[in-house]
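Q: Questions regarding the structure given below will be posed in turn.
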Amino acid sequence: MSSSPLHPTTKHYIHFSITPPLSDALRLRKSLSDALDQAFGATSAAVNIDVLWLAEDGKDVVLRVHPDDAPKVLAAAVSSLDNGPRLSLVRESPFLPSLAVRGLGV
């Protein structure tokens with residue numbers, strides 16, 4: 001019986017900056033759903049995306065997705081061609097606290 005200190009996670013966390021700022025999490029989810037539909041089709045538009053944190057100034061957001069869906073969400077968000085908010089990847093990780101580390105060159 002082998003034991004591992006690190007277990008595979010069933011969550012993946014993504015920190016995006018938003019331009020122009022957005023104060024409505026529902027509008028953000030709709031924009032992401034539209035981007036997924038545009039890039040990968042209607043089935044991918046139903047990906048479960050949890051908005052964990054939206055900054056008060058609307059310039060940053062942290063999302064939680066399944067690890068298998070993370071590449072699609074990242075690709076759709078940064079390549080979206082619609083008139084919705086522009087999302088830029090700040091950091092992504094399977095470990096939520098690592099998103100808070102800035103300026104370490106990691």
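The values are calculated or read from the model by the stated rules, or taken from the named source; none is laboratory data. These numbers were taken from a predicted model, which means no experiment stands behind them. Every residue, glycine among them, receives a Cβ derived from its backbone with ideal geometry; neighbour counts consider all protein chains shown. For the accessible areas, the whole protein counts, side chains as well, though only heavy atoms, and no ligand, DNA or RNA atoms are used. Shrake-Rupley method; radii C 1.70, N 1.55, O 1.52, S 1.80 Å.
Q: Residue by residue through the stretch 64-106, note down the ones that are at pLDDT below 90, within 24 Å of residue 24 (Cα to Cα) and among the charged types (D, E, K, R).
A: Passing the criteria: only 82.
Q: Please list, ordered by residue number, the strands (runs of 3 or more DSSP E) wholly in the stretch 23-106 having 1 or more residues that are of a type in the set (Gly, Ala, Ser) and in contact with a strand residue (DSSP E or B) (Cβ under 6 Å, 6 or more places away or on another chain).
A: Here the list reads 86-93.
Q: Taking the condition touching a Lys or Arg at 6+ places or on another chain (Cβ under 6 Å), in contact (Cβ under 8 Å) with a residue 40 or more places away in the chain, of a type outside the set (Gly, Ala, Ser) and open to solvent by 30 Å² or more (accessible area, probe 1.4 Å), does residue 91 pass?
A: no
Q: Any chance the stretch 27-42 includes a residue that's closer than 17 Å to residue 97 by Cβ and open to solvent by 40 Å² or more (accessible area, probe 1.4 Å)?
A: no
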